[in-house]
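Working notes for the structure below.
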Amino acid sequence: QVHLVESGGGLVQPGGSLRLSCAASGSGIRIYGMGWYRQAPGKERDWVATITRGGSPNYADSVKGRFTISRDNGDNAKNTVYLQMSSLKPEDTAVYYCKANIRTGWSTRSDDYWGQGTQVTVSS
């Protein structure tokens, strides 16, 4: 069984910073790429950033230079991905979801698993 638990959302003023965390865990799993997505009210879920198992990051243009994604591989049973957000703008307001690509047990394929989401509100 796979668990993704997010934390770190909240209310912040424009120009401020927040750090999101997402811990992916389970027995007999192997975790590959991890990433962050966000969904603002009335809009589709958008990609924010991803990071490979080896630590190579990629960012959406809208957050490049302001957000930093990182991960702690820990052990095979638990990996944690972080999103350090700086110079936050009101348009960054959204529910942020983490996603992890995970292979379980003896399966020959991997699947995407999602966290429960955490609200980030940027407002004065």
Expressed in nanometres to one decimal, the distance between label points 7 Å along Cα→Cβ at residue 86 and residue 56 is 2.5 nm
The local net charge around residue 12, scoring Lys/Arg +1 and Asp/Glu -1 for residues other than residue 12 whose Cβ lies under 14 Å from its Cβ, equals +1
Rounded to the nearest 10 Å², the 1.4 Å probe accessible area of residue 48 is 0 Å²
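Which whole-number value in Å² is the accessible area per residue of the stretch 30-124, probe 1.4 Å?
54 Å²
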With +1 at each Lys and Arg Cβ and -1 at each Asp and Glu Cβ, the charge dipole magnitude of the stretch 1-120 around its Cα centre, to the nearest 20 debye, comes out at 180 debye
Carbon plus sulfur, as percent of the 1.4 Å-probe accessible area of the chain, comes to 46 percent
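Given contacts defined as C-alpha pairs under 8 Å and at least six residues apart, what's the relative contact order of the chain, whole-number percent? Kindly include the intermediate steps, with their values, before the conclusion.
Numbers: 313 pairs, mean separation 43.7, N = 124.
Averaging sequence separation for qualifying contacts and normalising by length gives 35 percent for the chain.
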Among beta bridges assigned by DSSP with both residues in the chain, the antiparallel ones amount in percent, to the nearest 5, to 95 percent
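The values are calculated or read from the model by the stated rules, or taken from the named source; none is laboratory data. Treat the numbers as computed from the prediction; the structure is a model and nothing was measured. Positions of Cβ are generated from backbone atoms using ideal geometry, with glycine treated the same way; all protein chains shown enter the neighbour counts. Side chains are part of the model used for accessible areas, which takes the heavy atoms of the whole protein and leaves out ligands, DNA and RNA. Shrake-Rupley method; radii C 1.70, N 1.55, O 1.52, S 1.80 Å.
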